[in-house]
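Trainee: Shown below is the structure under consideration.
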């Protein structure tokens, strides 16, 4: 097995092993240690995958069970998917470290970590997969683990209700995406993304005419409109973008704080990534060589509209929240709306800005949830007016709340400023000045919401001494410091080249297609070696 | 349109129609309103308060908030689907028609 493909498999194996181990082992430190070790190994594997893919200059195709595409399932890892996978694994190491502080000796640790590692496996699978149906499986893995984690505090009505709502909507979204996958197979005759991408472009159908004649048995033109509609509905649900955001303000606050950080910082990214992959790589909606290029204006209008409405609606709703976690959850809807407006422009600058904003939003949001979680812990409440100034007794938590809020607002020199600047430039270069207004207005309104959190937690009343006894231990400090460092280093000189490579991988599908087709040709040529070869 | 695509499209359409027909019947006079979130923001949460940073915008936009909370983020499943389902139908009709389907 290639090291890149090992990460999701390893995480799933450990996820299943943990509840079994709990039959014999009771020590909390064991479960914290195993989870930290598993996520650290996953980080190393994903980092290796990223360096391998970025240095080789072409996507990596991993054939599951040795079956070639289009017969078997493949992972196809390019710089975009490898970057998001490695970044996800990095943030999850910080979140597991935070979890070990937050949950301490909690009796449900084996199940908590089983679900969390399963969630990470689902996320990595979504990024790595090169198969339309396998994407459905990974979306379901991600969804089911999320529903379980939202209902982790199952004795509270709030958690059960939020989880039920999330699961109900998720089941409909999964069903619709499943229907889309069926339609893809019924028309293209293949579920391999590289093959579907090739057959969406007439030039490849010309070159691989025999293959196309064997595989394509349906009307791809009629199918793709419906496929994209069903897929985009599902992906906007996963990303929590208006009007499919309704579950999010309930689910994210109801979960344990580290899971709120995972849901708001990482899980929503899967919807944005899948949209980019489908629109740019698989169906080439923004590719003039694609048969579906004529959809580009329609898709752009719809996604710019829902993204813009999301940003404005969520920023306005942030202002009236009195629950700190609910306020941060609305901020997620706002930022994902901005991400959708970026890549829906159809330009490489737009994709670059969206990917950049995904990275900065993830770090800022995870840090804000985790540091707000510390404030909640010492204040024993989530109500903003009653929050205590955790910054007075634990400077790193106070600093984290300020830095993450300012980064999410978009103030220099923090990472959020640079990604919003990239979005601004993408809007201007494509002539969408109305989106500049949306960006500025939503950021200005959201500033009021963030200040509501910053004021009591930094300048308010100090916490009572009994509540601060838990603010010790290296796990919390390491988790917060890692994300603070990310907010400071994610600036254009450091990540410019990485983002350029990722956006090129998204907007130029030729390498992605070539590697998928080559995997098939290589397999066939080995079955029938050339005479004398 | 070939037969498999037609069948799948009809299945999808019938599913959507079934949901659309079910929604009015799902409306009941006995809606359970719990005290926990259900996505609704209780009225008390956006009363005017001089001590909060965001008081001005909350005061100026009171009517907007009332509309958003009561009409959009009401917390009722039916209201959610009133937004999500037309969005799906809009996507499907727009993209299908755009390709000359």
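The values are calculated or read from the model by the stated rules, or taken from the named source; none is laboratory data. Everything numeric in this text was worked out from a predicted model, so none of it was measured. Cβ atoms come from the backbone with ideal geometry, glycine included; neighbour counts cover every protein chain shown.
Trainee: Of the residues A:223, A:261, A:274, A:311, which single one is surrounded by 24 or more Cβ atoms within 10 Å (Cβ to Cβ) and closer than 18 Å to residue B:96 by Cα?
Mentor: Numbers: A:261 fails: closer than 18 Å to residue B:96 by Cα; A:274 fails: closer than 18 Å to residue B:96 by Cα; A:311 fails: closer than 18 Å to residue B:96 by Cα.
Checking each option against the conditions leaves just A:223.
Trainee: In segment B:73-89, which residues are assigned to a helix (DSSP H, G or I) and more than 7 Å from chain A (Cβ to nearest Cβ)? Can you show your working first?
Mentor: Here is the first cut: in segment B:73-89, the residues assigned to a helix (DSSP H, G or I) are B:77-89.
Within segment B:73-89, B:77, B:78, B:79, B:81, B:82, B:85, B:86, B:89 meet the criteria.
Trainee: Which residue is surrounded by the fewest Cβ atoms within 10 Å (Cβ to Cβ), if the candidates are limited to segment A:314-357 and must be farther than 22 Å from residue A:244 by Cβ and touching a strand residue (DSSP E or B) at 6+ places or on another chain (Cβ under 9 Å)?
Mentor: Filtering first and then ranking leaves A:322.
Trainee: Can you pull out every residue in segment A:501-513 that is in contact (Cβ under 8 Å) with a residue 12 or more places away in the chain and out of contact with any strand residue (DSSP E or B) (no Cβ under 8 Å at 6 or more places or on another chain)?
Mentor: Just the residues of segment A:501-513 that are in contact (Cβ under 8 Å) with a residue 12 or more places away in the chain, to begin with: A:501-507, A:509, A:511-513.
Scanning segment A:501-513 gives A:501, A:502, A:503, A:504, A:505, A:506, A:507, A:509, A:511, A:513.
Trainee: Which residues, taken from segment A:185-219, are outside any loop (DSSP other than H, G, I, E, B), crowded, with 24+ Cβ neighbours inside 10 Å and within 14 Å of another protein chain (Cβ to nearest Cβ)?
Mentor: Scanning segment A:185-219 gives A:187, A:188.
Trainee: Here is a further query. Out of the residues in segment A:279-294 that are assigned to a helix (DSSP H, G or I) and surrounded by fewer than 24 Cβ atoms within 10 Å (Cβ to Cβ), which is modelled with the highest pLDDT?
Mentor: Of segment A:279-294, the ones assigned to a helix (DSSP H, G or I) are A:279-282, A:293-294.
Imposing the further condition that a residue be surrounded by fewer than 24 Cβ atoms within 10 Å (Cβ to Cβ) reduces the set to A:293-294.
Details: A:293: 93, A:294: 90.
Top of the filtered list is A:293.
Trainee: Of A:454, A:428, which residue is closer than 17 Å to residue A:338 by Cα and either within 14 Å of chain B (Cβ to nearest Cβ) or at pLDDT 95 or above (or both)?
Mentor: Details: A:454 fails: closer than 17 Å to residue A:338 by Cα.
Result of the check over A:454, A:428: A:428.
Conditions (1) buried (at least 24 other Cβ atoms within 10 Å of the Cβ); (2) over 26 Å from residue A:351 (Cβ atoms); (3) modelled with pLDDT under 95, marked per residue:
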| residue | (1), (2), (3) |
| --- | --- |
| A:386 | no, yes, yes |
| A:389 | no, yes, yes |
| A:404 | yes, no, no |
| A:413 | no, no, yes |
| A:417 | no, no, no |
| A:436 | no, no, no |
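Trainee: Continuing with this model, one more query. With the requirement that a residue be surrounded by fewer than 24 Cβ atoms within 10 Å (Cβ to Cβ) and more than 9 Å from chain B (Cβ to nearest Cβ), what does segment A:226-250 give you?
Mentor: Of everything in segment A:226-250, nothing turns out to be surrounded by fewer than 24 Cβ atoms within 10 Å (Cβ to Cβ) and more than 9 Å from chain B (Cβ to nearest Cβ).
Trainee: Select from segment A:190-215 the residues that are free of Cβ contacts under 8 Å to residues at least 40 places away in the same chain and touching a helix residue (DSSP H, G or I) at 6+ places or on another chain (Cβ under 6 Å) and write down the one among them that is farthest from residue A:512 (Cα to Cα).
Mentor: A:212
Trainee: Here's something else I'd like to know. Would you mind telling me which numbered condition in (1) closer than 20 Å to residue A:426 by Cα; (2) at the interface with chain B (Cβ under 10 Å from one of its Cβ atoms); (3) touching a residue at least 24 places away in the same chain (Cβ under 8 Å) residue A:318 fails?
Mentor: Here residue A:318 meets the rest and fails (1).
Trainee: Against the conditions (1) over 30 Å from residue A:321 (Cβ atoms); (2) more than 10 Å from chain A (Cβ to nearest Cβ); (3) at pLDDT 70 or above, where does residue B:25 fall short? Just the number, please.
Mentor: The one condition residue B:25 does not meet is (3).
Trainee: Could I ask something else about it? Looking at residue A:253 and the list (1) closer than 29 Å to residue A:293 by Cβ; (2) at the interface with chain B (Cβ under 9 Å from one of its Cβ atoms); (3) assigned to a helix (DSSP H, G or I); (4) in contact with a helix residue (DSSP H, G or I) (Cβ under 7 Å, 6 or more places away or on another chain), which single condition is not satisfied?
Mentor: Going through the list (1) closer than 29 Å to residue A:293 by Cβ; (2) at the interface with chain B (Cβ under 9 Å from one of its Cβ atoms); (3) assigned to a helix (DSSP H, G or I); (4) in contact with a helix residue (DSSP H, G or I) (Cβ under 7 Å, 6 or more places away or on another chain), residue A:253 breaks only (1).
Trainee: Going through A:306, A:267 one at a time, which residue ends up being more than 10 Å from chain B (Cβ to nearest Cβ), modelled with pLDDT of 95 or more and either part of a helix (DSSP H, G or I) or within 24 Å of residue A:131 (Cβ to Cβ) (or both)? Walk me through it before giving the result.
Mentor: Numbers: A:306 fails: more than 10 Å from chain B (Cβ to nearest Cβ).
Exactly one of A:306, A:267 is more than 10 Å from chain B (Cβ to nearest Cβ), modelled with pLDDT of 95 or more and either part of a helix (DSSP H, G or I) or within 24 Å of residue A:131 (Cβ to Cβ) (or both), namely A:267.
Trainee: Further, regarding this structure: What are the pairs, 6+ residues apart or on separate chains, where a residue within segment B:2-21 that is at the interface with chain A (Cβ under 9 Å from one of its Cβ atoms) and closer than 16 Å to residue A:219 by Cβ has its Cβ under 8 Å from a residue that is at pLDDT below 70 and surrounded by 10 or more Cβ atoms within 10 Å (Cβ to Cβ)?
Mentor: Filtered contacts from segment B:2-21: B:9/B:1.
Trainee: Then there's this: Does residue A:107 satisfy being outside any helix (DSSP H, G or I) and closer than 21 Å to residue A:511 by Cα? Steps first, answer last, please.
Mentor: Values: outside any helix (DSSP H, G or I): yes; closer than 21 Å to residue A:511 by Cα: no.
The answer is no for residue A:107.
Trainee: Residue A:154 versus (1) within 13 Å of chain B (Cβ to nearest Cβ); (2) surrounded by fewer than 24 Cβ atoms within 10 Å (Cβ to Cβ); (3) over 17 Å from residue A:520 (Cβ atoms): which is the lone unmet condition?
Mentor: The one condition residue A:154 does not meet is (1).
Trainee: Quick check on my filter: what residues within segment A:14-32 are without any contact (Cβ under 8 Å) to a residue 60 or more places away in the chain and either surrounded by 13 or more Cβ atoms within 10 Å (Cβ to Cβ) or not in a helix (DSSP H, G or I) (or both)? Give the derivation first.
Mentor: Within segment A:14-32, the subset without any contact (Cβ under 8 Å) to a residue 60 or more places away in the chain is A:17, A:20, A:23-27, A:29-30.
Result: A:17, A:23, A:24, A:25, A:26, A:27, A:30.
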